[in-house]
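Asker: Okay, here's the structure, questions in a sec.
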Amino acid sequence: MRAPMPDLLLTLALHLEEVLVLGAGLFALGLYLALSKRNAVGVLMGVELMLNAVNVTLLAFSRFVVSPRPLDGQVFAVFVITVAAAEAAVALALAVAVYKHRETVNIDELDMLRW
Amino acid sequence: MTQVFFYLISAVVIAGALGVVLVRNVVYAALLLIMSLMGVAGIYILLSVEFLALVQVLVYGGAVTVLVLFALMLTRTGELKEKLDGEQKPLAAVAAIALLGTFLAMIMQTAWPRDVNQLTVVPFTDIGDALFNRWAVPFEIASGVLLVALIGAVVIAMQEEGER
């Protein structure tokens, strides 16, 4: 494995805290969206926002914290995106299937599993 | 200069996410979600993780938002009259604000490393090297997960005649 090119050091004026604050804000908005919406697709949008917030945080740490293998954080983020895509496909298929049966995707009307 | 761009793109990201929360039409919410996620791709470029920025544009700008729009179309939820938020809305707001407060307090209290300057441009070949050598087995498992999810999505969404 080749070492990262040391002559291309970027003098970025970014701070880790700023990126972390962005990730925290995005996560809180996604959480509010996922908890408050009645539409199942809206809830899914919230989950996507939360996953993106996690990825922003992960990549910020992978870029700013010294590690012996600096690429592992990026590889991990690739896996997060993969799982997010799989989750979106299954969840939207579920929403479509539920709509076919119940004519609604409002999650407060879908209480078949309630005891 | 970088910082100006960072604040601009952050404003786009947060404004898009706020728009998803506030807007009444679900289709507009999906379009604002695209805006927010593309802003995240811009943040990746500022962090000089170009590969992830490309993946973000392809996966979220292309695949996921098309999926979301198709699901909205098939479930016909564009009606503006019905209530968009459930009764749990105040609780959700409390939970989100409490979480945000905890995060911000933690970020402010921690002494983060300064001037590490590890921001090197990593060539794509190194990422491919890491993915296919060191992380080859997890990579294959991830592809298996994707395959299972795709087949599962088809099976769930498919419905035989007379099943209702």
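The values are calculated or read from the model by the stated rules, or taken from the named source; none is laboratory data. Owing to the predicted nature of the structure, the values given are computational and were not obtained by experimental measurement. Backbone-built Cβ (ideal geometry, glycine too); neighbour counts: all protein chains shown. These area figures cover heavy atoms from the full protein model, side chains too; ligands, DNA and RNA do not enter into them. Shrake-Rupley method; radii C 1.70, N 1.55, O 1.52, S 1.80 Å.
Asker: At 1.4 Å probe radius, can you tell me the per residue accessible area of region A:16-109 in Å²?
Answerer: On a per-residue basis, region A:16-109 sits at 31 Å².
Asker: While we're here: For the pair B:I151 and B:R76, what calculated FRET efficiency results from E = 1/(1 + (r/R0)^6), where r is the Cβ-Cβ distance and R0 = 22 Å, to the nearest 0.05?
Answerer: Efficiency at R0 = 22 Å is approximately 0.25.
Asker: At a 1.4 Å probe radius, which order do B:M106, A:M45 fall into by accessible area, largest first?
Answerer: B:M106, A:M45
Asker: If each Cα of chain B is one equal point scatterer, what is log10 of I(q)/I(0) from the Debye formula at q = 0.08, 0.18 Å⁻¹?
Answerer: Here the Debye-derived log intensity ratios amount to -0.39, -1.37.
Asker: OK, next. Kindly provide the Kirkwood hydrodynamic radius of region B:1-66 in Å, to one decimal, from all pairs of distinct alpha carbon atoms.
Answerer: Across region B:1-66, the inverse of the average 1/r is 12.0 Å.
Asker: Something else now. Tell me: how much accessible area in total is hidden between B and A, 1.4 Å probe, Å², nearest 100?
Answerer: 8000 Å²
Asker: Under a 1.4 angstrom probe, counting protein chains only, how are B:E140, B:E87 ranked by accessible area, largest first?
Answerer: B:E87, B:E140
Asker: Give me the angle, in degrees from 0 to 90, between the Cα long axis of helix A:72-102 and the longest principal axis of the Cα atoms of chain A, rounded to the nearest 10.
Answerer: Between helix and principal axis, roughly 10 degrees.
Asker: Just need the relative contact order of region B:1-116 here, percent rounded to a whole number, with Cα pairs under 8 Å and 6+ apart.
Answerer: Relative contact order for region B:1-116 comes out at 22 percent.
Asker: What is the percent carbon and sulfur in the accessible area of the protein assembly as shown, measuring with a 1.4 Å probe over the protein chains and ignoring ligands?
Answerer: In the protein assembly as shown, the share of accessible area belonging to carbon and sulfur is 73 percent.
Asker: Need one number: nm distance between label points at B:M1 and B:A95, each 7 Å from Cα along Cα→Cβ, rounded to one decimal.
Answerer: Taking the two extended label points, one gets 4.5 nm.
Asker: Would you kindly state how much longer the chain becomes between B:V57 and B:L18 on full extension, computed as 0.36 nm times their sequence separation minus their alpha carbon distance, in nm to one decimal?
Answerer: Stretched fully, the B:V57-B:L18 segment lengthens by 12.0 nm.
Asker: Quick one: if you stick a label point 7 Å off each Cα along the C-beta vector at A:V66 and A:E103, how many nm between them?
Answerer: 6.6 nm
Asker: So how much slack lies between B:A136 and B:Q88, counting 0.36 nm per residue of separation and subtracting their Cα-Cα distance, in nm?
Answerer: Gain in length upon complete extension: 12.9 nm.
Asker: If you split all Cα-Cα distances of region A:16-73 into 5 Å bins from zero, what percentages do you get per bin, shortest first?
Answerer: Histogram of Cα-Cα distances, whole percents per bin: 4, 22, 22, 16, 14, 10, 7, 3, 1, 0.
Asker: Can I ask one more? Rg to Rh for chain A: what is it, with Cα atoms only and Rh by Kirkwood?
Answerer: Result for chain A is an Rg/Rh of 1.14.
Asker: So how much accessible area does A:E17 have, in Å² to the nearest 10, using a 1.4 Å probe?
Answerer: 50 Å²
Asker: Using just the C-alpha positions of the protein assembly as shown as equal point scatterers, what log10 of I(q)/I(0) does the Debye formula give at each q in 0.15 1/Å?
Answerer: -1.16
Asker: Any idea of the accessible area per residue across chain B, 1.4 Å probe, to the nearest Å²?
Answerer: About 58 Å² of surface per residue is accessible.
Asker: Next question. Stokes-Einstein D for region B:121-164 at 20 °C, 1.002 mPa s, Kirkwood Rh over Cα pairs, in µm²/s?
Answerer: The estimated diffusion coefficient comes to 164 µm²/s.
Asker: Taking θ = phi - 60°, what integer Hz values does the Karplus form 6.51 cos²θ - 1.76 cosθ + 1.60 yield along region A:40-46, in sequence order, with x for Gly and Pro?
Answerer: Each residue's phi maps through the Karplus curve to give 4, 5, x, 4, 5, 4, x Hz.
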